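The values are calculated or read from the model by the stated rules, or taken from the named source; none is laboratory data. Predicted model only: the values in this text are computed from it and were never measured. Counting neighbours? That spans all protein chains shown, and the Cβs are built from the backbone with ideal geometry, glycine included. For accessibility, only protein heavy atoms count, side chains too; no ligands or nucleic acids. Shrake-Rupley method; radii C 1.70, N 1.55, O 1.52, S 1.80 Å.
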Amino acid sequence: MGEVGVSRRTVLGAAAAVAGAFGLSGCGGADWYPADVTPDEHVVRSLLWEKELVAARYAAAIETGSGPSDLLERLRAHHLEHVDALTAALPEDSAAEESAAPSGEPTDPAPDTAPDAEGLRVLEASAAAARIDQAAAVSDPGLAQLISGIGACEAVHAHLLARA
C-alpha cells in the first residue's frame, strides 16, 4: 500500500494559519484585556470592598461594646489605613467614586448584628488566608507585596483577638 504523507510545508502553513486565526501574537500585555478594569484593578477593588465591610463590622462591635474597645479601635484604624493604601494603588485614571462592590453599593451582609471578639477573630483569620490567593492573582510585584502585607497584618489581628 502507498503511504499518504503530508509535506512539511503543509504542516507549517497550517500552523501559521491557526496562529493567525487565534491571534496568538497579540496576547502580550494589558492592552488586549477586553474589560474596562484590569485583573489587578479587579483584585484591588474587591479587596477594598472587603476592607470597608470589615471596618464597618469593627465600628459596630465598638458601638455595642462587643469587645475591648481600645483594641478594636486600633485594629479598625489598621483596616482604614489598608483602605487608604489600596485606594492609592488604584490606577490614576480609575474612577475614584466607583464602588468596589460587585453589585453596586457595598452593603454589610449582616448589618443588624455586631460581631464579638471571637467573630472578628474568625473574620480576620479567613481574610488573612484569602490574601495568599489574591497576592498570587496580581501581576504587579508591588501590589502583591501590599496584599501580602495586609494579610500578615490580618493574621496578627486574629492572634490579638484570640488573646483578648
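Overview of results
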quantity	calculated
Positions within segment 122-164 being under 15 Å from Leu86 (Cα atoms) and either touching a Phe, Trp or Tyr at 6+ places or on another chain (Cβ under 9 Å) or part of a loop (DSSP other than H, G, I, E, B) (or both), in sequence order	Val138, Asp140
The listed residue being at pLDDT 95 or above, open to solvent by 40 Å² or more (accessible area, probe 1.4 Å) and closer than 24 Å to Val37 by Cα, out of Ser103, Ser139, Ser99	Ser139
Filter pass, Ala152 being modelled with pLDDT of 95 or more and either closer than 25 Å to Thr38 by Cβ or exposed (fewer than 13 other Cβ atoms within 10 Å of the Cβ) (or both)	yes
When residues of segment 54-66 are limited to those that are within 22 Å of Ala85 (Cβ to Cβ) and open to solvent by less than 30 Å² (accessible area, probe 1.4 Å), the one farthest from the chain's Cα centre (by Cα)	Tyr58
Yes/no for Ala127 being closer than 19 Å to Ala56 by Cα, in contact (Cβ under 8 Å) with a residue 60 or more places away in the chain and surrounded by 17 or more Cβ atoms within 10 Å (Cβ to Cβ)	yes
